[in-house]
1. Relative contact order for the chain using alpha-carbon pairs under 8 Å, separation at least 6, rounded to a whole percent?
2. Non-local amide H neighbours of S66 (under 5 Å, H modeled in plane, Pro and chain starts lacking H): which ones?
3. Counting each pair of different Cα atoms once, what's the Kirkwood radius of segment 146-270 in Å, rounded to one decimal?
4. What residues qualify as long-range amide H neighbours of G175, i.e. H under 5 Å apart, gap of 5 or more or another chain, H built at 1.01 Å from N?
5. Let me know the shape class of the chain, please: from the alpha-carbon gyration tensor, a ≥ b ≥ c as square roots of the eigenvalues, rounded when a/c is under 1.5, otherwise prolate if a/b is greater than b/c, or oblate.
6. Which residues' amide hydrogens lie under 5 Å from the amide hydrogen of A253, considering only partners 5 or more residues apart or on another chain, with H built in the peptide plane?
7. Of Y243, G228, S204, which is farthest on the positive side of the dipole of the chain, counting Cα position, with +1 on Lys and Arg Cβ, -1 on Asp and Glu Cβ, and the Cα centre as origin?
8. For a Förster distance of 51 Å, can you work out the FRET efficiency between the beta-carbons of A68 and T169, rounded to the nearest 0.05?
Amino acid sequence: MEHAGSKILPEDPEATEIGLGTPATRAEIIEKIIDRGYAKRIGKKAIIPTDAGIRLIEVLPEKLTSPAMTVEWEKQLAEIGSGTKNPDSFMCGIRQLTSSIVSSAAVPYTFGPVALGKCPICNGNVYEGKVGKNYYCQNKTCGFNVWKKAAFHPTISPEDMTFLLKNGTLKKPSGEYTLLKEAPYIQFEKAAFTPVKVDEAELSAYLRSKGITPVSKVASHGSFWIPGGFEIKPIIQEINKKYHVPAGFSKDAKALGHRPGWFIKGGYFI
Ligand SMILES: [Zn+2]
């Protein structure tokens with residue numbers, strides 16, 4: 001480290017004499033960095049940056065993280081020491097730099113993924129997946145994973161997930177959802193709103209107007225089936241909103257000849 005400056009200012013004849021501290025101060029600086037949690041020892045020889053260390057470097061302006069700046073300061077201080085530089089002009093430069101760094105730091109900066117809350121299993125941080133399809137626990141061995149979209153629950157937004165992690169339950173128009181400590185992690189519990197009895201004829205007519213032919217097993221104490229996959233989800237959500245009844249989904253519905261489809265239990269019908 002004491003030679004750091006020589007790599008940065010190779011053309012400067014004095015550069016070899018200017019470095020970042022001395023071997024004596026180096027140990028102290030490294031201990032301070034470890035002490036503050038910005039780096040850690042791996043075995044006896046290696047020191048690696050911690051997440052906090054990496055993030056600190058990300059947050060700090062490039063100028064402050066460059067050894068070149070310290071080298072430049074050391075050089076100017078040496079010039080002040082030898083009487084060739086005016087200390088006031090050095091301090092004026094420091095003041096200007098400090099003021100510009102502070103004003104740029106006032107801009108809000110978010111780094112890395114933001115934790116949505118604590119994992120119900122291991123209390124680790126829960127993050128939104130990079131491609132935005134799921135929510136996962138930071139601890140890979142934990143296995144906590146919630147899909148944003150799944151057949152048995154409505155779309156869970158990051159705000160919903162934060163609420164679920166904090167409160168354990170979430171009310172949506174289709175019902176109340178509970179966060180479990182084991183797969184599938186989210187469970188539909190009960191309709192949070194009093195269901196409105198569904199008029200079968202009215203619902204069938206509505207679906208036909210959308211080009212969908214439902215299959216009703218209500219008369220034989222079965223469910224009312226609506227063939228289709230996620231492409232008809234907006235229609236299912238409309239039905240949820242109108243009647244406050246939950247709709248389930250099956251990829252392989254027997255009633256529909258093993259096609260995918262949504263179902264509303266017969267008990268919800270007039
Ligand atoms: Zn976990």
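What follows is calculated from the coordinates using simple rules that are stated; it is not laboratory data. Quick caveat: nothing in here was measured; it's all calculated off a predicted structure. Please note: Cβ atoms are built from the backbone with ideal geometry, for glycine as well, and neighbour counts cover all protein chains shown.
1. Taking the mean separation of contacting Cα pairs over the length of the chain, I get 10 percent.
2. HN-HN under 5 Å from S66: empty list.
3. Details: mean 1/r = 0.0662 Å⁻¹.
For segment 146-270, inverting the mean 1/r across all distinct Cα pairs yields 15.1 Å.
4. Amide H to amide H, under 5 Å and 5 or more residues apart or across chains, G175 pairs with A192.
5. Working: a/c = 4.28, a/b = 3.35, b/c = 1.28.
Prolate is the answer for the chain, as a/c is 1.5 or above and a/b outweighs b/c.
6. Amide H neighbours of A253, under 5 Å, 5+ apart: H258, R259, G261.
7. Result: S204.
8. On the way: r = 55 Å, r/R0 = 1.07.
Efficiency at R0 = 51 Å is approximately 0.40.
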